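Here's the structure we're looking at; comments come further down.
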Amino acid sequence: MLGVVNRVLLALIGLALLAAGVSVLTASWPLAGRHAPLLSVRARRAHLHVEGWWWWAVLGGLALCVLLALWWLLAQLRRPRLATVAVDTGDGAYALLRGRALESAVAAEVGALDGVAGCRVALRGRRGAPALRVKLELEPHAVPSDTLAALAGPVLEHARASTGLTPLATEARLAVTSHRASRVT
Amino acid sequence: MRGPRARRFRSVRRIPAGLTALAVLAVAGLFLYDLAAVRAHRPGMGWRRELAQQLERQTPADPQVMIAGAVLAVAGALLLLLAFAPGMRGILVMRGSEVRAGLGRKAAGLVLRDRAMEVSGVRSVRVRTGRSRVRVRATSHFRELADVRADLEAVLAVGIEELGLAHPPVARVRVYRKG
């Protein structure tokens, strides 16, 4: 979600900057010509004289820009995690499961897999559609496709069965512990 | 068990977005402050009078203006590139329909290097992992080079298969004699 917002805003700002640069380089609209001043006194008086309702419009626009930029900046710093998920207990009631508890339970199971040196699990997404993000650190001898199959198979099935969250979207990133080459002769 | 389609990972672009937001915030905030100050009958900041004078004096034929225009255009093109390119070039997409998984390029290189070191006759290996090609450069200290090369290719084919990538890279092997 944040990715889409970021990319749309970056594209719009990039387009505006590119258009401004090209219009300066080619001396085309809205500039008057190659040898005319960039902003003559007359044009400034005519268009940028800040008075009356126009002044309020400019002030409001700038204030909106500041607020939106602030929100956009703060949105980059947040890394939202899901605090709780609702688990259907089967008797018409719901239990609230803390996100951290689910995270540590999955992390314990993943960590017990063969060839996994360490892992970090984060529960993200929203209440209705939680998503797991797993970062795996593999030991040098591990086979990545086998580890992934083990994660996708028993571990996730267990998590889905015990929480009742059938569409538990999962994203995994695999890395291998850095180590030196050793020759076997 | 190949998934329906393996989508590439797309970067969230946190850092470029944060920097751009900071720049927009600074410029808009400066203008807002100055506008409010002038409205409150305080003298406007010097830089705005200076800017107005400059804009009045300079024409698009001036070299400084051209440089500024070029900088603007390049910055805009860069932001557009960041907006449309997927990014995350360091992560290779793995196959599998259940979990959307990615393997770091460095990790893939380490795994393949370990595999290559197991071939007898190989003394040292350097693996460079690209997005579609893996370049393996091995030095050998005994056995026929052609045999070592054939063994390496077989081992690497298995190794690449075991990485479980959606688009398995092609290995290019070169073997040299040490010394």
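Which residue out of B:Arg7, B:Arg42, B:Arg57 is in contact (Cβ under 8 Å) with a residue 40 or more places away in the chain, surrounded by fewer than 18 Cβ atoms within 10 Å (Cβ to Cβ) and not assigned by TED's automatic domain parsing to the domain that holds B:Ile160?
Details: B:Arg42 fails: in contact (Cβ under 8 Å) with a residue 40 or more places away in the chain; B:Arg57 fails: in contact (Cβ under 8 Å) with a residue 40 or more places away in the chain.
After applying the criteria, what remains is B:Arg7.
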Among the residues of region A:144-157, are any among the polar types (S, T, N, Q) and touching a residue at least 24 places away in the same chain (Cβ under 8 Å)?
yes
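How many residues does region A:114-140 contain that are acidic (Asp, Glu) and surrounded by fewer than 17 Cβ atoms within 10 Å (Cβ to Cβ)? If you could, list the steps in order and put the result at the bottom.
Looking only at region A:114-140, we keep the residues that are acidic (Asp, Glu), and these are A:114, A:137, A:139.
Next, only the ones that are surrounded by fewer than 17 Cβ atoms within 10 Å (Cβ to Cβ) stay: A:114, A:139.
Matching residues across region A:114-140 total 2.
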Taking region B:130-179 and keeping residues surrounded by fewer than 17 Cβ atoms within 10 Å (Cβ to Cβ) and either touching a helix residue (DSSP H, G or I) at 6+ places or on another chain (Cβ under 7 Å) or on the phi > 0 side of the Ramachandran plot (or both) leaves B:Arg143, B:Glu162, B:Pro168, B:Arg177, B:Gly179
task: Report yes if some residue within region A:9-26 is within 7 Å of chain B (Cβ to nearest Cβ), surrounded by 19 or more Cβ atoms within 10 Å (Cβ to Cβ), part of a loop (DSSP other than H, G, I, E, B) and of a type in the set (A, V, I, L, M, F, W, C); otherwise report no.
output: no
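Does A:Val50 satisfy the condition of being exposed (fewer than 14 other Cβ atoms within 10 Å of the Cβ), among the β-branched types (Val, Ile, Thr), modelled with pLDDT under 90 and not in a helix (DSSP H, G or I)? So that I can check it myself, show each step before the final result.
Values: exposed (fewer than 14 other Cβ atoms within 10 Å of the Cβ): yes; among the β-branched types (Val, Ile, Thr): yes; modelled with pLDDT under 90: yes; not in a helix (DSSP H, G or I): yes.
For A:Val50, the condition - exposed (fewer than 14 other Cβ atoms within 10 Å of the Cβ), among the β-branched types (Val, Ile, Thr), modelled with pLDDT under 90 and not in a helix (DSSP H, G or I) - is met.
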If we keep only residues of region A:141-157 that are within 28 Å of the chain's Cα centre (by Cα) and farther than 18 Å from A:Ala107 by Cβ, then the residue surrounded by the most Cβ atoms within 10 Å (Cβ to Cβ) is A:Pro144
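B:Glu118: modelled with pLDDT under 95, more than 15 Å from B:Arg177 (Cβ to Cβ), among the charged types (D, E, K, R) and surrounded by fewer than 20 Cβ atoms within 10 Å (Cβ to Cβ), yes or no?
yes
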Here the residues within region B:67-109 that are at pLDDT below 90 and in a helix (DSSP H, G or I) are none
Among (1) within 14 Å of A:Thr170 (Cβ to Cβ); (2) part of a strand (DSSP E or B); (3) within 12 Å of another protein chain (Cβ to nearest Cβ), A:Arg120 falls short only on (3)
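Okay, residues lined up against (1) among the aromatic types (Phe, Trp, Tyr); (2) within 8 Å of chain B (Cβ to nearest Cβ); (3) not in a strand (DSSP E or B):
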residue: A:Val87; (1), (2), (3): no, no, no
residue: A:Asp91; (1), (2), (3): no, no, yes
residue: A:Arg100; (1), (2), (3): no, no, yes
residue: A:Gly125; (1), (2), (3): no, no, no
residue: A:Leu136; (1), (2), (3): no, no, no
residue: A:Ala175; (1), (2), (3): no, yes, no
Of the residues in region B:89-126 that are within 21 Å of the chain's Cα centre (by Cα) and β-branched (Val, Ile, Thr), the one that is farthest from the other protein chains (Cβ to nearest Cβ) is B:Val93
For region B:76-94, does any single residue satisfy the condition of being buried (at least 20 other Cβ atoms within 10 Å of the Cβ), over 30 Å from A:Gly14 (Cα atoms) and not acidic (Asp, Glu)?
yes
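The values are calculated or read from the model by the stated rules, or taken from the named source; none is laboratory data. Not measured: the values here are computed from a predicted model. Please note: Cβ atoms are built from the backbone with ideal geometry, for glycine as well, and neighbour counts cover all protein chains shown.
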